[in-house]
Amino acid sequence: MLQLKVKIAYNKKAGYKYCHLGIIAPKIAGSCLPGQFLNVRIDGGAELLLRRPFSIHRVSGQRIEILYEIIGKGTRALAAKKAGEYLDVIGPLGNGFTYSLQLTAYSLPILVAGGMGVAPLIFLAEKLAKCKAQSVKRKALVLIGAKAKKDILCAKDFEKLGCIVKIATDDGSAGFKGRVTELLKECLLDAKDRAQSIIYACGPRPMLKELSRACLGSDTPAQISLEEHMACGIGACLGCVVQTRQGQKRVCREGPVFDAQEIIW
């Protein structure tokens, strides 16, 4: 974990309310793992005193990219930043996905994203693509859930990595009509796929709760990345504590990735 002033390489729109932010951070980039995050200070007075946590979306050489949604004062201020300006960041933070020791030649990795839950899963898909090149024979299956077609993120990016992508929208404007967890249950109906599946998920808490129950019922291993409000981001304030079967744990420190069956919902 390092605290550094880093230079913005780009900050560009990706859809009607989303942005890709690239920063040059060689001292951080080399140690980033899928599922970890950066804690970013955004200048803007007392209202923006607390840092904002952002999942690491991609790492390419010395550059780290985050994907964020413009939803409040902090992200609006961040969207106004220009290439060449600097940000104060701490990272990489948290524990990410574990995957290399779990995968076998016939494993079926299933990545399940709800809304902005795609953010850390692109980085994971890149790592899984490298595992596939070495030993894993099956393509990763990516399930993306969104409210409507206009809210679907990163589908083409996953396809470029060789993933099979399926879409679920609440209003039926693209792909399967319904929740992404319902689409997942359909995918797990095949006994062979269910036995070989390993699930990695990120999204809203209700989605992760339902997914965890579905995985328990099908005896499918799953890792979930929790989205929680954070204050310090380094485990000191206890502001992001969740209940687990081993007691209270901090999302920013022991998480954000947990075994799905570890969480007490």
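Values in this text are rule-based calculations from the coordinates and carry no lab data. What you see is a predicted model, and the numbers here were worked out from it, not measured in a lab. So basically every Cβ, Gly included, is an ideal-geometry build from the backbone, and we count neighbours across all protein chains shown.
Size descriptor for region 1-147, Kirkwood hydrodynamic radius: 16.2 Å (Cα pairs only, one decimal). Relative to the compact globular guide of 2.2 N^0.38 Å, what is the alpha carbon radius of gyration of region 108-262, as a ratio? For region 108-262, the normalised Cα radius of gyration is 1.04. Placing unit charges on each Cβ (+1 for Lys and Arg, -1 for Asp and Glu) gives the chain a dipole about its Cα centre, and among Ala119, Ala168, Gln223 the Cα reaching farthest toward its positive end belongs to Ala119.
Dipole magnitude for the chain: about 600 debye, using +1 per Lys or Arg Cβ and -1 per Asp or Glu Cβ, origin at the Cα centre.
Ordering Tyr16, Phe37, Gln62 by Cα displacement along the dipole of region 2-93 toward the positive end leaves Tyr16 in first place; charges were set at the Cβ atoms of Lys, Arg (+1) and Asp, Glu (-1).
Put a plus charge on the Cβ of each Lys and Arg, a minus charge on the Cβ of each Asp and Glu, and nothing anywhere else: the dipole of region 1-79 about its Cα centre is then about 140 debye. Counting neighbouring Cβ atoms within 10 Å and putting the fewest first, the residues Thr104, Thr181 line up as Thr104, Thr181. Once you have the Cα-Cα distance between Asp171 and Ala14, take 0.36 nm times their residue separation minus that, and quote the gain in nm to one decimal. Extra length from Asp171 to Ala14 when fully extended: 54.3 nm.
The Cα atoms of region 1-70 define a convex hull whose projected area, averaged across directions, is 5.0 nm². The tail of the calculated P(r) for the chain beyond 22 Å holds 55 percent of all Cα-Cα pairs. Packing, taken as the mean count of other beta carbons within 10 Å per residue, orders the peptides 201-213, 76-88, 111-123 from highest to lowest as 111-123, 201-213, 76-88.
Set against the 2.2 N^0.38 Å expectation for a compact globular protein, region 156-238 has a Cα radius of gyration ratio of 1.29. Which one of Glu69, Glu254, Glu186 has the biggest mean-square fluctuation once the chain is modelled by GNM with Cα springs under 10 Å? Sorting by GNM fluctuation, first place goes to Glu186.
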